[in-house]
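To keep things clear, I will list the structure first and then write my remarks on it.
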Amino acid sequence: MKTILRSITAELLAVLARLIVRKYKPAIVMVTGSVGKTSTKDAVAATLHTALFVRASAKSYNSEFGVPLTILGAANPWSNPLGWARVFKEALALLILPNHYPKVLVLEVGADRPGDLARILRIATPSLVIVTRLPAVPVHVEAYASPEAVREEEFAPAYALAPGAPLVLSADDSFALALAKRLDTKTVTYGMAPDADVRVINPGLHIEAGKPVGMQATLRAAKEEARIIIRGALGEQQLLPAAAAIAAALALGLSFADALEGLASYAPPPGRTRLLEGANGSLLIDDSYNSSPAAVEEGLKALNLLRAKRRIAVLADMLELGRYSVAEHERIGALAAESADIVVAVGIRARALAEKAREGNEENVLAFDSAREAAGTLRGLIQEGDVLLIKGSQSMRMERVTEALLADPLDAAKLVRQDREWKRKL
């Protein structure tokens, strides 16, 4: 019965959202890819908001429910029937009555299963598409025939663009660049590569009062350049959403100066290599939102940016990797052993990660079955000067580890999955 109700609700939402898009005709920026979608979506919304009336997906609302709710401008009612009644009432009001509707929608779109993006594309057609990254082993690959099939699905919004419409791609991603060659679009690239249209130059730590507080770099577009600072998060990957956002803004006709003015308000979302003060004088890199091989690689690079008494990598299961799971956990285990002084593995799949890490130094590898179990041990283990990377797939709930290790319990408000509905879940 729940499945039937879910399907009916999703279909009603889709119909209403499609009618609203037809009525108000907003420009639609779609953000797709395997890594960095939410950060990029937030950066784009910030960059555009000073010049345009913009609405962006809340949090990571990128599904068959999240995208229509964004179009409707409604919060997720979860399982509240009265909440859903309000959503449909507000949607009908948008259709029947005149409203001041956004000129631009910035929609994050994602795919868990084949056909997910096709359903979303029936609701709205993009005016501009940003493809963040299409890695060799993408998340959700267990639901697809091959990694290539995942990349094709995630690239699908680009196929929906009109000829000559702007397509913003990572200049560092060979898969995305190869797929783009099929299309008659206006391709704009961003990234670290020398030939990127919007190039990130001289990335590095941003230090204030002798402490690392984020990242900085120079952004260059054509003959213009400016220094940018991304506070609160670590890793070169934190600079890429800013570059993508500037590329999108320029493609939409904004000036470099206006785009930078908007970008100044951008802050990385929770759970994405966010820097937090830890207990006992430690420093936490909270990367607990989700996990995949490509994202863990970036997290380990971020860990190595900082000086530390000990670097501790707390890595939980990477889910939905299917037949690639064991090999990818082992590969990450070897990388973690090279990057960290102590490796902490959490979960059944991460046992393969722990075994591989033990080949380098058995004494400094710990393994736990759950985030709660790991948190209890780590609280007594960490010392002044330690830096911890905390990462795992969503259902591993690694924000519980971060929360247990915070110096200030009030900083829990800065973590992912702090809604009442999430907190009730085991």
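List of remarks:
- For Ala413, the test of being part of a helix (DSSP H, G or I) and free of Cβ contacts under 8 Å to residues at least 12 places away in the same chain is passed.
- Residue match in region 44-54 (condition: touching a strand residue (DSSP E or B) at 6+ places or on another chain (Cβ under 9 Å), assigned to a loop (DSSP other than H, G, I, E, B), hydrophobic (A, V, I, L, M, F, W, C) and more than 19 Å from Asp112 (Cβ to Cβ)): yes
- Check on Ala242, open to solvent by 20 Å² or more (accessible area, probe 1.4 Å) and closer than 21 Å to Gly110 by Cα: no
- Test: Arg400 is among the basic types (Lys, Arg) and assigned to a helix (DSSP H, G or I): yes
- Filtered residues of region 298-331 (kept if open to solvent by less than 10 Å² (accessible area, probe 1.4 Å), in a helix (DSSP H, G or I) and under 17 Å from Val141 (Cα atoms)): His329
- Filter result (under 13 Å from Pro268 (Cα atoms) and in contact with a Lys or Arg (Cβ under 7 Å, 6 or more places away or on another chain)) within region 193-235: Val213, Gly214, Gly232, Ala233, Gly235
- Any chance Asn80 is more than 30 Å from Ser255 (Cα to Cα), of a type in the set (S, T, N, Q) and more than 24 Å from the chain's Cα centre (by Cα): yes
- Single residue of Arg397, Arg420 found to be in contact (Cβ under 8 Å) with a residue 24 or more places away in the chain and among the charged types (D, E, K, R): Arg397
So that you can scan it fast, the table gives a plain yes or no per residue for (1) of a type in the set (Lys, Arg); (2) at pLDDT 95 or above; (3) crowded, with 18+ Cβ neighbours inside 10 Å:
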site: Gly164; (1), (2), (3): no, yes, no
site: Asp172; (1), (2), (3): no, yes, no
site: Phe175; (1), (2), (3): no, yes, yes
site: Lys186; (1), (2), (3): yes, yes, no
site: Gly191; (1), (2), (3): no, yes, yes
site: Asp195; (1), (2), (3): no, yes, no
site: Gly204; (1), (2), (3): no, yes, no
site: Gly210; (1), (2), (3): no, no, no
site: Gly214; (1), (2), (3): no, yes, yes
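- Odd one out for Gly380, checked against (1) exposed (fewer than 14 other Cβ atoms within 10 Å of the Cβ); (2) under 25 Å from the mean Cα position of the chain (by Cα): (2)
- Of the residues making up region 387-410, those that are open to solvent by less than 60 Å² (accessible area, probe 1.4 Å) and among the hydroxyl-bearing types (Ser, Thr, Tyr) are Ser393, Thr402.
The values are calculated or read from the model by the stated rules, or taken from the named source; none is laboratory data. All of these numbers come straight from a predicted model, not from anything done at the bench. Positions of Cβ are generated from backbone atoms using ideal geometry, with glycine treated the same way; all protein chains shown enter the neighbour counts. Heavy atoms of the whole protein, side chains included, go into the accessibility calculation; ligands, DNA and RNA do not. Shrake-Rupley method; radii C 1.70, N 1.55, O 1.52, S 1.80 Å.
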